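A.B. asks: I'd like to ask some things about the structure below.
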Amino acid sequence: MIDYSWIVYLSTFLFALGIINILVKKDGINFIIGIEMIINAALINFVSGSAYLLNENGAVYALFTLVVAALETTLIVALLLLYSSRTGGALFSSLRNLRG
Amino acid sequence: MELGLEVLGFLLTALVMIIEGIAVVMSRRPMHSILFLFLLLLTAAALFIELDAVVLALAELLIYNGGITILLTLAASIEPEEIRAPRIKPDIILPLVAAVILVFMISTYKFGNVSNFSYTSLGTFILSGYGILLLVVMVMSIAAALSATYMISKEDVGI
């Protein structure tokens, strides 16, 4: 059996990489990619906890998280396309133009 | 700890996943980041199979690899981007990583072996314990699809 802490280390590393991807890059697509990496780290935690605790609730939570993440990505991509069609790009540095 | 086949498989999967995550961060062009994200999700599905969550691995392959990465690819192809040379050559790395993942997924999965807890009654378990949450997710999916279609079709929606 694999040690549980190794999977937690792996998901922590993936979470950190997602945060770095959001912070380093200013592009909207890379922002979504970073969010997906963070959600996958959470999914790995859910599934590993479900497997090690012999409880099906973690797998069900992971399934619902997967579906809701897909919906959220669809909405963010729609907003991003709308924003890029107005401003000519999806760089988040131009978001300061939205100040009221 | 014994360094058996299962531990070696996990270490290989984790190493490939970490390399792909670093490649996602290091890629300069968004399309290359999406390609490496595709491989990262494929490796995550392999890890789910290793953790005996075959249903979730299939859901990951169908929803993430089949839906979200295609959506992100379309969005990245529509957006204007500045063309710069990538640091990592994906035409060399991508086939090697994909081959490693496929070999691992085929070799380590125990066909016909039932996991520690059964996934055969997962549908009944979801309907009996999470029926309201399932309804909420259904309504959310309809609302997300309608709102995304409305936002794309109407140009004068304020954001």
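A.B. asks: Using 0.36 nm per residue, how much length does the chain from A:L54 to A:Y4 gain when fully extended, once their Cα-Cα distance is taken away?
C.D. replies: On the way: separation 50, 0.36 × 50 = 18.00 nm, distance 1.30 nm.
Working it through step by step, the gained length comes to 16.7 nm.
A.B. asks: Based solely on its DSSP helices, what 222 nm [θ] is calculated for chain A when runs of n ≥ 4 H residues each add -39,500 (n - 2.57) and the sum is averaged over all residues, nearest 500 deg cm²/dmol? Can you show the working numbers first?
C.D. replies: Numbers: 3 runs with 78 residues, N = 100.
Result for chain A: -28000 deg cm²/dmol, rounded to the nearest 500.
A.B. asks: Between A:T65 and B:M31, what is the label-to-label distance in nm when each label sits 7 Å out along the Cα-to-Cβ direction?
C.D. replies: 3.2
A.B. asks: Could you check how much of the accessible area of region A:18-87 is carbon and sulfur, as a whole percent, using a 1.4 Å probe? All intermediate terms of the calculation are to be shown ahead of the outcome.
C.D. replies: Details: 1800 of 2430 Å².
Looking at region A:18-87 in its full context, I get 74 percent from C and S.
A.B. asks: Across the residues of B:37-45, average count of Cβ atoms on other protein chains within 10 Å?
C.D. replies: Per residue, the average neighbour count from other chains is 3.
A.B. asks: Can you give me the Cα centroid spacing of region B:1-53 and region A:1-59 in angstrom?
C.D. replies: 11
A.B. asks: Could you tell me the total accessible area buried at the B-A interface, probe 1.4 Å, in square angstrom to the nearest hundred?
C.D. replies: Values: alone 11590 and 7200 Å², together 13350 Å².
Summed over both sides, the interface buries about 5400 Å².
A.B. asks: Multiply the residue separation of B:M151 and B:L74 by 0.36 nm, subtract the distance between their alpha-carbon atoms, and state the gained length in nm to one decimal. Before the final figure, lay out each step's value.
C.D. replies: Details: separation 77, 0.36 × 77 = 27.72 nm, distance 1.66 nm.
Here the segment from B:M151 to B:L74 would lengthen by 26.1 nm.
A.B. asks: Between rounded, prolate and oblate, where does region A:4-89 land on the alpha carbon gyration tensor, with a ≥ b ≥ c its root eigenvalues, rounded for a/c under 1.5, else prolate if a/b exceeds b/c? Mind showing how you got there, number by number?
C.D. replies: Numbers: a/c = 7.34, a/b = 1.84, b/c = 3.99.
It comes out oblate by the Cα gyration axes.
A.B. asks: How large is the accessible surface of A:Y9 in square angstrom, using a 1.4 angstrom probe and rounding to the nearest 10?
C.D. replies: Looks like 150 Å² after rounding.
A.B. asks: Another question, then. By average Cβ neighbour count within 10 Å, what is the ranking of B:28-37, A:49-58 from highest down? Could the numbers behind the result be given before it?
C.D. replies: Numbers: B:28-37: 22.0, A:49-58: 16.6.
Result, highest mean first: B:28-37, A:49-58.
A.B. asks: Something else about it: Which FRET efficiency value, to the nearest 0.05, is calculated for A:T87 and B:M140 with the Förster distance at 25 angstrom and r the Cβ-Cβ distance? Could the numbers behind the result be given before it?
C.D. replies: Values: r = 28 Å, r/R0 = 1.13.
Efficiency computed from Cβ-Cβ geometry: 0.30.
The values are calculated or read from the model by the stated rules, or taken from the named source; none is laboratory data. Being a predicted model, the structure only gives us computed values, none of them experimental. Using ideal geometry, Cβ is built from the backbone for each residue, glycine included, and neighbour counts are taken over all protein chains shown. Quick note on the areas: whole protein, heavy atoms, side chains included, nothing else; ligands and nucleic acids left out. Shrake-Rupley method; radii C 1.70, N 1.55, O 1.52, S 1.80 Å.
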